[in-house]
Amino acid sequence: MVREIEHFIDGKRVKGTSGRLLDITNPATGEVIAQTPLASVEEVHAAISCSAKALCKWSATPPAKRAEIFFNFRDLLKNNLEELAPLLSLEHGKTLPDAMGEIGRGIEVVEFACGIPHLLKGEYSEQVASNVDSYTLRQPVGICAGITPFNFPAMVPMWMYPVAIACGNTFILKPSEKDPTVAVRIAELFSEAGLPDGVLNVINGDREAVETLLEDPDISAVSFVGSTAIGAQIYTKGCASGKRVQALCGAKNHMIVMPDADLDQTVDALIGSGYGSAGERCMAISVVVPIGEKTADDLIERLAPRVRELKIAPYTDPAAEMGPVITGESLDRIKRYIDEGVDAGAELVVDGRDLKLQGYEQGHFLGGCLFDRVTSDMDIYKDEIFGPVLSVLRTNDYEEAVRLVNEHEYGNGAAIFTRDGDAARDFTTRVNIGMVGVNVPIPVPVAYHSFGGWKRSLFGDHHLHGMEGIRFFTRLKTMTTRWPSGIRSGAEFNFKRGADD
Ligand code: NAD
């Protein structure tokens with residue numbers, strides 16, 4: 001019997017009742033290991049009404065009391081890391097250290113949320129006019145929903161709901177249907193930490209669940225992370241139904257390699273950022289732009305053998321550096337891109353298409369691939385491939401490299417590798433990119449800063465977590481108060497400057 005994953009509603013696991021189930025395969029073996037229930041409209045409505053019921057009391061709970069629950073939650077996550085990481089890797093395929101790192105990044109957001117009494121402090125101005133004071137508060141927006149992708153099944157949901165819930169909102173998470181088990185288990189731990197029932201609900205599902213959330217007038221805010229095609233639709237639909245929406249989407253992250261860069265350090269960085277998690281990261285480096293032919297030749301000479309030597313294996317092998325991709329469909333899509341790149345004239349220096357692992361022949365494994373002499377008109381350059389495929393696009397000068405980065409439709413991350421402070425400063429100033437690294441290949445901001453891209457990598461105004469997260473999940477209220485103590489100024493008909501009495 002295949003295990004059936006449950007929803008998590010009103011503080012408990014609940015079996016799906018829609019009759020619609022989706023098979024989940026172990027990416028390493030291709031075997032069906034579980035089924036995700038795909039929620040019906042009625043099941044989503046049940047989760048919304050639990051969230052609505054919990055909202056009044058939770059939003060009135062003092063922030064310091066909320067923080068106590070977050071401290072407990074953090075301890076439970078740390079104590080259960082060894083249990084959570086294999087749950088994640090089994091469905092996703094990433095290596096165990098990578099799964100632990102991902103959950104660790106989620107824990108950092110919980111730690112950030114522990115500071116909520118401080119983060120919600122407003123501003124106060126005394127005597128904005130005689131006997132008049134003014135102050136601002138940040139209040140919760142209400143019921144929030146999060147729709148998240150398969151590639152970080154623990155961390156991306158935790159970019160959202162710890163901040164939303166700490167701010168006094170209730171939250172409905174719709175995780176990826178491809179690997180939801182870890183998200184359900186983490187919600188259960190939050191409940192164990194003392195979170196009241198209904199404050200966090202997890203509803204599994206597909207488009208039907210998402211559309212129900214987007215159309216429901218009781219949902220005030222929607223955070224989405226996923227592909228650009230879906231994110232653009234969610235942003236438009238959510239805004240049209242009056243919601244606050246942030247949609248963080250696809251990427252094509254460039255690394256510029258200057259002639260003075262330390263090439264050994266650069267190659268180490270490229271191996272981790274291009275092939276870690278099989279390239280299924282929105283901050284993966286997928287394009288390298290060496291400046292000058294010599295830089296390019298030297299880089300490829302060092303990089304190619306490292307790509308060939310990658311240790312590709314299931315997560316159960318402690319030596320694994322890179323696992324399989326998520327599904328057979330993803331594997332076919334990535335292979336199609338590689339075929340197209342070859343047809344378009346790019347030079348496939350390392351070809352991982354025929355990799356077969358003994359005992360794992362049905363797994364979704366692909367060897368690392370490296371293209372040289374890619375040009376900006378090729379689909380392998382323009383599109384997000386989301387697999388272990390790195391493209392080298394040679395340019396002769398730095399200006400051309402900056403133009404490439406700025407003209408690409410995506411603007412999530414970019415990095416420059418150099419020893420030249422002038423070049424680095426110019427790059428960080430001029431690139432139209434949300435997250436920029438200098439000799440740091442994956443510049444993912446820590447929890448108390450905010451994560452988000454530019455251009456078609458983010459629809460909406462706010463980035464995730466850090467102060468941007470607090471702003472997204474709260475509404476600003478400004479009070480102006482007068483306690484006249486006997487002063488009477490008579491009726492006022494004219495609009496005045498703030499400081500005029
Ligand atoms: P996806 O867009 O297929 O799915 C994301 C979510 O949307 C899932 O919960 C899915 O169930 C839901 N969904 C899918 N189709 C839908 C539809 N037609 N209507 C409504 N909802 C729908 O993305 P994915 O394949 O799970 O994740 C990979 C993508 O996520 C990549 O493009 C990657 O760059 C992006 N991503 C971006 C960031 C970021 O912060 N910018 C972070 C992680 C992943």
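Just checking, which of Asn169, Asn151 is away from the ligand (no atom under 15 Å from the Cβ) and either modelled with pLDDT under 95 or not basic (Lys, Arg) (or both)?
Asn169 is the lone residue from the list that is away from the ligand (no atom under 15 Å from the Cβ) and either modelled with pLDDT under 95 or not basic (Lys, Arg) (or both).
So which residues in segment 186-204 are more than 19 Å from the chain's Cα centre (by Cα) and either under 20 Å from Asn151 (Cα atoms) or open to solvent by 20 Å² or more (accessible area, probe 1.4 Å) (or both), if there are any at all?
Glu188, Ser191, Glu192, Gly194, Pro196, Asp197 - these are the residues of segment 186-204 that are more than 19 Å from the chain's Cα centre (by Cα) and either under 20 Å from Asn151 (Cα atoms) or open to solvent by 20 Å² or more (accessible area, probe 1.4 Å) (or both).
Among the residues of segment 181-230, write down those that are of a type in the set (Asp, Glu), in contact with a Ser or Thr (Cβ under 8 Å, 6 or more places away or on another chain) and within 12 Å of the ligand (Cβ to nearest atom).
Those that are of a type in the set (Asp, Glu), in contact with a Ser or Thr (Cβ under 8 Å, 6 or more places away or on another chain) and within 12 Å of the ligand (Cβ to nearest atom): Glu208, Glu215.
Could we say that Leu248 is over 30 Å from Gly437 (Cα atoms) and either within 14 Å of the ligand (Cβ to nearest atom) or of a type in the set (Val, Ile, Thr) (or both) here?
Criteria not met by Leu248.
Sort out which residues of segment 339-353 are hydrophobic (A, V, I, L, M, F, W, C) and closer than 17 Å to Ser376 by Cβ, and write them in order of number.
If the condition is that a residue be hydrophobic (A, V, I, L, M, F, W, C) and closer than 17 Å to Ser376 by Cβ, then Ala344, Ala346 are the ones that fit.
Of all residues in segment 444-491, count the ones that are open to solvent by less than 50 Å² (accessible area, probe 1.4 Å) and at pLDDT below 95.
Qualifying residue count for the region: 1.
Is there any pair linking a residue in segment 216-238 that is in contact (Cβ under 8 Å) with a residue 60 or more places away in the chain to one that is surrounded by fewer than 18 Cβ atoms within 10 Å (Cβ to Cβ) and small (Gly, Ala, Ser), with Cβ under 9 Å and at least six apart or on different chains, and which?
Cβ pairs passing all conditions: Asp216/Ser241; Asp218/Ser49; Asp218/Ala52; Ile219/Ser241; Ser220/Gly242.
Of these, Gly341, Gly352, Gly345, which one is within 28 Å of Ala28 (Cα to Cα) and part of a loop (DSSP other than H, G, I, E, B)?
Answer to the check: Gly352.
Yes or no, residue by residue, for (1) of a type in the set (A, V, I, L, M, F, W, C); (2) in the same structural domain as Ala229 (by TED's automatic domain parsing); (3) open to solvent by 10 Å² or more (accessible area, probe 1.4 Å); (4) free of Cβ contacts under 8 Å to residues at least 12 places away in the same chain:
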{"site": "Val349", "(1), (2), (3), (4)": "yes, no, yes, no"}
{"site": "Lys356", "(1), (2), (3), (4)": "no, no, yes, yes"}
{"site": "His364", "(1), (2), (3), (4)": "no, no, yes, no"}
{"site": "Gly367", "(1), (2), (3), (4)": "no, no, no, no"}
{"site": "Leu370", "(1), (2), (3), (4)": "yes, no, no, no"}
{"site": "Val374", "(1), (2), (3), (4)": "yes, no, no, no"}
{"site": "Met378", "(1), (2), (3), (4)": "yes, no, yes, no"}
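Criterion first (closer than 30 Å to Arg482 by Cβ, in contact (Cβ under 8 Å) with a residue 24 or more places away in the chain and not in a loop (DSSP other than H, G, I, E, B)) does Gln127 satisfy it?
no
Checking His45 against (1) farther than 29 Å from Ser220 by Cα; (2) surrounded by fewer than 17 Cβ atoms within 10 Å (Cβ to Cβ), only one condition comes out false. Which one?
His45 satisfies all of (1) farther than 29 Å from Ser220 by Cα; (2) surrounded by fewer than 17 Cβ atoms within 10 Å (Cβ to Cβ) except (1).
Counting only residues that are farther than 26 Å from Ala304 by Cα and open to solvent by less than 20 Å² (accessible area, probe 1.4 Å), give me the strands (runs of 3 or more DSSP E) lying completely in segment 205-284 with at least 3 of them.
Because the criterion is at least 3 residues that are farther than 26 Å from Ala304 by Cα and open to solvent by less than 20 Å² (accessible area, probe 1.4 Å), the strands (runs of 3 or more DSSP E) in segment 205-284 that meet it are 219-225, 244-248.
Name the residue, out of Asn494, Asn396, Asn439, that is open to solvent by 50 Å² or more (accessible area, probe 1.4 Å) and within 21 Å of Arg281 (Cα to Cα).
Asn439
Starting from segment 477-495, keep only residues that are on the phi > 0 side of the Ramachandran plot, then list their pairs with residues that are at pLDDT below 75 and open to solvent by 80 Å² or more (accessible area, probe 1.4 Å) whose Cβ atoms are within a distance under 8 Å, requiring at least 6 positions of separation or different chains.
none
The values are calculated or read from the model by the stated rules, or taken from the named source; none is laboratory data. In this text, all values refer to a predicted model and were calculated from it rather than measured experimentally. No Cβ is skipped: glycine too gets one built from the backbone with ideal geometry, and neighbour counts run over all protein chains shown. Accessible surface areas use protein heavy atoms only, side chains included; no ligands, DNA or RNA. Shrake-Rupley method; radii C 1.70, N 1.55, O 1.52, S 1.80 Å.
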